[in-house]
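Student: There's a structure below that I have some questions on.
The values are calculated or read from the model by the stated rules, or taken from the named source; none is laboratory data. Here the structure is a predicted model, which means the values were calculated and not measured. Every residue, glycine as well, gets a Cβ built from its backbone with ideal geometry; the counts of neighbours run over all protein chains shown. To get the accessible areas, we keep the full protein, side chains included, count just its heavy atoms, and leave off ligands, DNA and RNA. Shrake-Rupley method; radii C 1.70, N 1.55, O 1.52, S 1.80 Å.
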Amino acid sequence: MELEAVTEAVEARRDELTDLARDIWEHPQTAFEETYAADRLIGVLAERGFDVEVGVGDVETGFVARYGEGDPVVGTMGEFDALPGLSQRAGGTREPIEEGGNGHGCGHNLFGVGSLGAVLAVADAIDAGVEGSVVYVGTPAEEAGSGKTYMARAGAFDDVDAVVSWHPGWYNAPTKGSCLAVDSYEVTVRGESSHAAASPEAGRSALDGLQLLNTAVEYMREHVPDPVRLHYVITRGGDAANVVPPEATGEYLVRAPSRDLVEEVSDWFENATAGAALMADVDVEVTQTSGIYGVRPNETLGDAIRSTMAELGSFSVDDPIADELKASLGDVSDQIAELPEEYRDRAAENAYFTEPIDALDAGETGSYSTDSGDVSQLVPLGRMTTATWPAGTPPHSWQAVAASGSTGTEGMLYAAKTIGGTLLRLLTDEELRAEAVAEFEERGGADYESPMPDDADPYELLGVERPDFEPSVDVERTPAGTADDD
Ligand SMILES: [Zn+2]
């Protein structure tokens, strides 16, 4: 009964939500610069009567929108940042709209709007007498910059009882697994330039320092526990081979299933930077550019999502673009092999695979990282994916961009219904809420301390200019530097 009301509320807004997703897709902006998407989403929420606060966590395009009075409080998140270099038209063949331009290769245009559809439906239910509140947390900069970290530590999730969120994908299922925590570093090495042939003794090579550090990282790799991943690139090595490089820079990542292990390996890495500096007789400066937790799973919420999907059933996508996109992917049997055997033929034969299935990753730690990890340390977090893309489509591909701007909206509406239905159940089912909280406590409870230094400036660290963001509608603003850290 409840789910029926949610389905109707989403269907009533089908055109509005579809147009909005397309509009954001047509204005792709990357991490921390997503003023267009944030403004459009805030506009709809404010018009519907949500109280909106922008600039949360000192992130200009981060916002929290709230509807209803008092407890319980349930919430969802909306991402809306695009990726650089992935410009692509909404058609079945590879063709950028603007060579080298941005594109929604992770479907975050659908992500933000699908979550919006969910909270609008829950707001209708609250109007009809359901007790409690619903919160939409607009979280910028997922692809780079870890926007949620800054919002989480500023208290954006503090009074929320449970969060249900999603990500575009190519099948409908809850996500029950964990993933890796990560620390990122930028290392700048400074030496002394000189003529590489005439006066090498006068020089100290910054590149040598960096290469010694990379050698240390290679040796570390053998002696860290198996799930630890260490990655690096040299972003600047020098300008000319006949000049001893005075400055060199590199980027480093340390990933592990737990924060403790990340921090242990990070300490070792920082010691290695000091060692490299001594060996090459150069100066080394290390800046931590991000630090996030792995996801703490919540199977109770995963099961609730699964049963909502079971009630909704599947949906169909009927568009020649879908068939062209599927064909363009070529052989996707490896991806489809992730599915239980009984579904593989259907996923191989049809453009879209839309039957809801059980989580594919229960009990596993995925080899990826997301800033949703921080949220999952603060509040029970249910996660899911829906079939917004043809079966087997990899994220960050041109096909993902094309589908996110065309046939992906059916999967987005399905996400809106699933999240809306699950949030409504959480509002009305005290037992389910208690169970989700009990599992959260069992897995460690709220024990969150942001790994990022207090004075870390997200814009400076990512190297983007702080946008001058003034939403078109009148909303509350968090004054800069007054993050609520109680
Ligand atoms: Zn994504």
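Student: Of the beta bridges DSSP finds with both residues in the chain, what % are antiparallel, to the nearest 5?
Tutor: Within the chain, antiparallel bridges account for around 70 percent of the total.
Student: Ignoring ligands, DNA and RNA, please state the percent of accessible area on the range 296-381 from carbon and sulfur, probe 1.4 Å.
Tutor: Heavy-atom surface of the range 296-381 belonging to carbon and sulfur, 1.4 Å probe: 40 percent.
Student: Using helices alone, I'd like the mean residue ellipticity at 222 nm for the chain: each DSSP H run of four-plus residues gives -39500 (n - 2.57), total over residue count, nearest 500.
Tutor: Rounded to the nearest 500, it is -12000 deg cm²/dmol.
Student: Oh, and also: Can you bin every Cα-Cα distance in the chain into 10 Å intervals starting at zero and give me the percent of pairs per bin, rounded to whole numbers?
Tutor: Result returned by the calculation: 4, 19, 28, 26, 14, 6, 2, 0, 0.
Student: What FRET efficiency do you get for Met279 and Ser258 if R0 is 25 Å and r is their Cβ-Cβ distance, rounded to the nearest 0.05?
Tutor: 0.20
Student: Can you pull the percent of the range 384-437's accessible area that's carbon plus sulfur, 1.4 Å probe, other chains left in place?
Tutor: C and S fraction of accessible area: 48 percent.
Student: Hey, another quick one. Using packing as a proxy for protection, rank 274-280, 219-225, 182-188, 192-198 so that the peptide with the highest average count of other Cβ atoms within 10 Å comes first.
Tutor: Top to bottom by mean Cβ count within 10 Å: 182-188, 274-280, 192-198, 219-225.
Student: For Ile97 paired with Asp345, estimate the spin-label separation in nm (one decimal), with each label point 7 Å from Cα along the Cα-to-Cβ line.
Tutor: Simple spin-label model gives 4.0 nm for this pair.
Student: Leaving out ligands and nucleic acids, note down the accessible area per residue over the chain with a 1.4 angstrom probe, in whole Å².
Tutor: Value for the chain: 41 Å² per residue.
Student: Given bins 10 angstrom wide, list per bin the percent of all Cα-Cα distances in the range 181-291, short to long.
Tutor: With a bin width of 10 Å, the distribution comes to 16, 45, 27, 11, 2, 0.
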